[in-house]
Number of protein chains: 2
Amino acid sequence: MISKTPTLERRTSALSKEAIIAAAIEILDGQGETALTFRALAARLATGSGAIYWHIADKQALLAAATDHIIAGITVDEVVAKEPRQAIRAFALGVFDAIDTHPWVGGQLSRDPWQHAVLRILEAVGGRVQALGVPADAQFNVATAIMSFILGLAGQYALGARMCEGGIDRTTALDEIAARWAQLDPENYPFVRLIATQLPDHDDREQFLAGIDLLLAGIEPLRHATAPRG
Amino acid sequence: MISKTPTLERRTSALSKEAIIAAAIEILDGQGETALTFRALAARLATGSGAIYWHIADKQALLAAATDHIIAGITVDEVVAKEPRQAIRAFALGVFDAIDTHPWVGGQLSRDPWQHAVLRILEAVGGRVQALGVPADAQFNVATAIMSFILGLAGQYALGARMCEGGIDRTTALDEIAARWAQLDPENYPFVRLIATQLPDHDDREQFLAGIDLLLAGIEPLRHATAPRG
DNA sequence: ACCTGAACACCGTTCAAGT
DNA sequence: ACCTGAACACCGTTCAAGT
């Protein structure tokens, strides 16, 4: 009675989109992506599975809304935000930390690149790209390049986290991958074999920032001397 | 009898992993990702659905094998391959073209970043990063940054293609997205609204290359004067 | 307007039984 | 060794029926 069966009583308060999203995030964070089913969600909300459809179109919309809720929570320190490069770094790290605490966000971001959460990222990055004085005709390509990098790495971290869901910790998971890579044909995979030795010790956060810095360095030659004219 | 029912006779030749993968690719190319089920695959192969499991572990392994088959087919012109930067550009375009003709590859690449196909990409990129004279301690971050960008953009194109599966062509699909972006709150989404006007006319291939060039430009300051010493 | 929950139309995967 | 195909254990989604 204490912990075995979930509450059997029906809920007293009315259902809402917010409550559904909050419950979905709890399940995703606690039990992982595969645990989020409409049946499990309905059980947690103490309602019928069909009730959810009154508030949310379908599962894809639910995941998009949950992801948007997380990404919307990313904030950049006001002082840091003054300098565009630091602001991009800080926001990118915000995305990184969000994925770190909510691994399913990484998978969802890369799975549906035109959901609203991605627009938040594009806006945050794009605004700073403009502030850096990148010419108007290059802003699209530059902003989407940074965004694509973020989404791409997001997908990778999501998988790393998915592996760790099985109970294995990060270190042994990376060791296992490194071992598999080390067994590859030396003729065709010299680089991957070399990388394999560095994989277990590498720092995700540093890897993430290094990529951002690489892109920012690539922007430098494009910049105007001053901020863009109106 | 002519077109309605699929062939009812059992197959005469033995099943093989290669035949299964080839049939899977045919379905994926012809009817899209959602059409690939073990039942549909078994019907096309004129066998029972359980037979497939004798040759392939599960659906994820099937998709990974199909993706690897496509990525393995990417070739870089020998002359171009001599210059590392051109080789990276050419290989990246090879990935782009592969996704263009097999849209499901984009989704699969970003979905499972440690499948074998991704190692091919990492090896191709990493070898050229070494040849460019990037110091050993930076090779990991640089190579994975380029790879992450490729995987991130791959996911985006995959979605674009997924939208077009519904019969809508690319132009109207992009117009529709642009219209949605244009309706966003001007206060919070000035950049996305600006980008929306450029979205319908933009060239995917150029966008892809621009990102690669941005990363390559970012590499320049890191390079040794000569190729790395042994 | 909002909710219920059985029913529908699927999946991937397994496995006793065949050859 | 290789294949069959019914059966199992799930899904997301719908919808007549309730309040």
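Converting phi to 3J(HN,Hα) with the Karplus coefficients 6.51, -1.76 and 1.60 and the offset θ = phi - 60°, the range A:47-56 yields 8, x, 5, x, 4, 4, 5, 6, 9, 9 Hz in sequence order, with x at every glycine or proline. Based on the alpha-carbon gyration tensor of the range A:63-125 and its eigenvalue square roots a ≥ b ≥ c, which shape applies: rounded if a/c is under 1.5, prolate if not and a/b is larger than b/c, or oblate? It is prolate, given that a/c is not under 1.5 and a/b is the larger ratio.
Helical runs assigned H by DSSP (4 residues or longer) give chain A a calculated mean residue ellipticity at 222 nm of -21500 deg cm²/dmol, each run adding -39500 (n - 2.57) before division by the residue total. Using a probe of 1.4 Å, the accessible surface attributed to A:D203 totals some 80 Å² when neighbouring protein chains are kept in position. For B:D169 and B:A35, what is the calculated FRET efficiency with R₀ set at 25 Å and r taken between the beta-carbons, to the nearest 0.05? Taking R0 as 25 Å, the efficiency between B:D169 and B:A35 is 0.80. Rounded to the nearest Hz, the phi-derived 3J(HN,Hα) couplings of the range A:16-22 under the Karplus curve 6.51 cos²θ - 1.76 cosθ + 1.60 (θ = phi - 60°) are 8, 4, 4, 5, 5, 5, 4, where x marks glycine and proline. Shape descriptor for chain B: Rg over Rh equals 1.05 (Cα atoms; Rh from the Kirkwood inverse mean 1/r).
Accessible area ranking (1.4 Å probe, heavy atoms, ligands and nucleic acids excluded), largest first, for A:T67, A:T101: A:T101, A:T67.
In order along the range B:82-92, the phi-based Karplus estimate (6.51 cos²θ - 1.76 cosθ + 1.60, θ = phi - 60°) of 3J(HN,Hα) comes to 5, 9, x, 5, 5, 5, 5, 4, 5, 5, 4 Hz; Gly and Pro are listed as x.
With a 1.4 Å probe rolled over the protein heavy atoms of all chains, the accessible area of A:T171, B:T37 falls in the order A:T171, B:T37, largest first.
Just the number, please: buried accessible area between B and A, total of both chains, 1.4 angstrom probe, nearest 100 square angstrom.
Interface area, both chains combined: 4800 Å², rounded to the nearest 100.
Apply the a/c threshold of 1.5 to the C-alpha gyration tensor of the range A:162-222 and tell me whether it is rounded, prolate or oblate.
oblate
For a straight C-alpha distance cut-off of 15 angstrom, the aspartates and glutamates reachable from A:K59 (same-chain residues fewer than eight places away being disregarded) are A:E18, A:E33, A:D68, A:D112.
In the protein assembly as shown, what percent of the accessible surface is made up of carbon and sulfur (1.4 Å probe, ligands and nucleic acids excluded)? Carbon and sulfur atoms account for 55 percent of the accessible area of the protein assembly as shown. Per residue, the average separation of C-alpha pairs within less than 8 Å and at least 6 apart gives chain A a relative contact order of 19 percent. Taking label points 7 Å from Cα along the Cα-to-Cβ direction, B:H224 and A:A72 give a separation of 5.2 nm.
Looking at the range A:130-196, I'd like the Rg to Rh ratio, where Rg is from alpha-carbon atoms and Rh is Kirkwood's inverse mean 1/r.
In the range A:130-196, Rg relative to Rh is 1.21.
The charge dipole of the protein assembly as shown, taken about its Cα centre with unit charges on the Cβ of Lys, Arg, Asp and Glu (plus for the first two, minus for the last two), comes to roughly 840 debye.
Label point of A:Q60 set 7 angstrom out along Cα-Cβ; within the range B:34-54, amide nitrogens under 12 Å from it belong to B:34. Amide H contacts of B:V134: B:H224, each under 5 Å away and 5 or more positions distant or on a separate chain (H built 1.01 Å from N in the peptide plane; Pro and chain starts excluded). Between this copy and the others, label points of B:S13 are 6.4 nm apart in ascending order, each placed 7 angstrom from Cα in the Cβ direction. Of the residues in the range B:173-196, those shielded by at least 50 Å² of accessible area once partner protein chains are present, compared with the chain alone at a 1.4 Å probe, are B:W181, B:Y189, B:F191.
For the pair A:L184 and A:S13, a Förster radius of 56 Å applied to the C-beta separation gives a FRET efficiency near 0.50, rounded to the nearest 0.05. Build a GNM of chain B with springs between Cα atoms under 10 Å apart, and of B:I27, B:I150, B:I88 the one that fluctuates most is B:I27.
P(r) for the range B:114-230, please, calculated from all Cα pair distances in 5 Å bins and given in %. The percentages, shortest bin first, are 2, 10, 15, 16, 15, 12, 11, 9, 6, 3, 1, 0. Dividing the Cα radius of gyration of the protein assembly as shown by its Kirkwood radius returns 0.98 for Rg/Rh.
Rolling a 1.4 Å probe over the protein heavy atoms gives the range A:40-79 an accessible area of 53 Å² per residue.
The values are calculated or read from the model by the stated rules, or taken from the named source; none is laboratory data. Everything quoted here is computed from the prediction, not taken from an experiment. Note: ideal-geometry Cβ built from the backbone for every residue, glycine included; neighbour counts use all protein chains shown. In case anyone asks, the SASA skips ligands and DNA or RNA and just uses the protein heavy atoms, side chains included. Shrake-Rupley method; radii C 1.70, N 1.55, O 1.52, S 1.80 Å.
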